[in-house]
Amino acid sequence: MYFISREASINSMGYSMSRLNIDSELLCDSDNTTSEADGNLRPQKPLNSLDHEFAQATKLKSAPHEHLSQVLPGKRERNVSTVKMLAGREGNYSGRGRFSTSDCRHVLSRYLPVNAPSVVDQMPTRAYVSQFSADGSLFVAGFQGSNIRIYNVDKGWKVQKNILAKSLRWTITDTSLSADQRYLVSSQLPYGPDSTLYGWRYLVNPSEEIAPVLSQVLVFLEVYASMSPIVHIVNIGSAATESLANITDIHDGLDLSADDDGGFSFGIFSVKFSTDGRELVAGSSDEAIYVYDLEANKLALRILAHTSDVNTVCFADESGHLIYSGSDDNLCKVWDRRCFKANGKPAGNLMGHLEGITFLDSRGDGRYFISNSKDQTIKLWDIRKMSSNANCNPGFRNYEWDYRWMEYPPQARSLKHPCDQSLATYKGHQVLRTLIRCYFSPVYSTGQKYIYTGSHDSCVYVYDVVSGAQVARLEYHSSTVRDCSWHPQYPILVSSSWDGDIAKWEFPGTGEAPAPLIKKKNRRSHYY
């Protein structure tokens, strides 16, 4: 059995439909409690207007036409079967003679990529990051052993480019493809034998004459601590599959650090492109956010953003004006670049997590986003609920805990933040050892009605964003799943694990049993 669903199972041949009969009228909130046994959230109080607004907006993205869902006058069926949808289309019940976008999403969102996985690749080192391109034609995976591999999805997942950094000690911590697939941003956090943090980074940009154009941005750190962070450019447009730094490709340098900050090094935990591909934003170990202007070829903005490591950053929407950040200081912050230079402050703070933030994902509307945290929860946020300050201190942590090597304290699971501003809380997965990531499901196929995340218990979890119910738990890996990525159009989900495997989950899948796992020895390492 490869997943657990409330009303779905996989038959012996691996072909089934995950029928999610979930009460979408319900929405969990920040005061909800969770059963540790099943990870499902149960609403305990009526929805307020803001919660109801989010629930309605989510349903509108993936709700069938009212003529297809109407049972009686004034009463609608929440989960219309695919057969009824097809019959309604043939009978032209909607009056359009075709499915609308929301009709299509309603059908597609019922087919989850949960069937027995196939192995895309196996490496002897930990897989840290994974990402589909915007159109789903490419897939990028980053590994601890300084490898970044680009797979051509349309050509049978063939390795199109294998990028090798100069040091085998480096760990790939993040990658980001621009929407036009001209750039890939990745960050690496290296540690030497003496556990010293080193730092430099480089940008990859291929020749304009090569078609199709494929360029990479690699961010990595060098072997001595006194050097300022540097961005390097390399042409990887050659036909060769292997791209070895400064051997098969020349990496020229660009300075990403502020002019007055030369001389100290820092590590990059998170790198993301703007929608137009003209800028990138990075979160760093020096408590700052960096915005680099690729067209002007200079650092556009440095924000001393938090009081601890900035583990995750992203742009809020296509405009690029708003930036979300999450830190080990337990806070999510919103930054408006249009007024930051005038007041030097965040647009607002969002409190609710009890431990550090490991990852953020924006819904893309400039209003809602989710965060994964070391307090073992995902939270949903509406930036209209943010506050101008963060003076509310929980003040009740009476335990010592390090997520890199300790289990989460049992007494901490029942704690609640007294000033929680989140809309919803999702529990069941484990956030330990590394900066585990979470995402909204794709707009095109699901209307973003799900949230999915990796987990320390070697699984991938899928939650219903409105009800909070755990609708799937994918089991295959033998070690922590740090990252996972859902195809933007098809029911395909790829998970990357510390067991070195890149696994592909599909609907309906091949029906074949997964390849046997090769047990790997535990590798001691620093966790990020």
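The values are calculated or read from the model by the stated rules, or taken from the named source; none is laboratory data. Since we're looking at a predicted model, the values are computed, not measured. All Cβ positions, even for glycine, are placed from backbone atoms using ideal geometry, and neighbour counts span all protein chains on display. What goes into the accessible areas is simple: the full protein's heavy atoms, side chains included, and nothing from ligands, DNA or RNA. Shrake-Rupley method; radii C 1.70, N 1.55, O 1.52, S 1.80 Å.
Summary of computed values
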{"quantity": "Residue in region 359-399 that is farthest from H417 (Cα to Cα), counting only those that are touching a Lys or Arg at 6+ places or on another chain (Cβ under 6 Å) and among the hydroxyl-bearing types (S, T, Y)", "calculated": "S371"}
{"quantity": "Filter pass, H417 being buried (at least 22 other Cβ atoms within 10 Å of the Cβ) and part of a loop (DSSP other than H, G, I, E, B)", "calculated": "no"}
{"quantity": "Matching entry among R482, R473 (being closer than 27 Å to T377 by Cβ, open to solvent by 10 Å² or more (accessible area, probe 1.4 Å) and modelled with pLDDT of 95 or more)", "calculated": "R473"}
{"quantity": "Number of the condition not met by S422 [criteria: (1) without any contact (Cβ under 8 Å) to a residue 60 or more places away in the chain; (2) open to solvent by less than 10 Å² (accessible area, probe 1.4 Å); (3) in a loop (DSSP other than H, G, I, E, B)]", "calculated": "(1)"}
{"quantity": "Residue among S467, S455 that is modelled with pLDDT under 95 and polar (S, T, N, Q)", "calculated": "S467"}
{"quantity": "Cβ-Cβ under 9 Å pairs, at least 6 apart or on other chains, region 314-332 side under 14 Å from F273 (Cβ atoms), far side of a type in the set (D, E)", "calculated": "C314/D361; F315/E279; A316/D365; D317/D365; E318/D276; G320/D276; G320/E279; I323/D336"}
{"quantity": "Subset of region 441-478 (residues that are of a type outside the set (A, V, I, L, M) and in a strand (DSSP E or B))", "calculated": "Y450, Y452, T453, C459, Y461, Y463, D464, Q470, R473, E475"}
{"quantity": "Segments classed as strands (runs of 3 or more DSSP E), wholly inside region 318-362, with at least 2 members that are more than 20 Å from the chain's Cα centre (by Cα)", "calculated": "348-350"}
{"quantity": "Number of the exception - I303 against (1) outside any strand (DSSP E or B); (2) under 16 Å from G267 (Cα atoms)", "calculated": "(1)"}
{"quantity": "N389 within 30 Å of G320 (Cα to Cα) and part of a loop (DSSP other than H, G, I, E, B)", "calculated": "yes"}
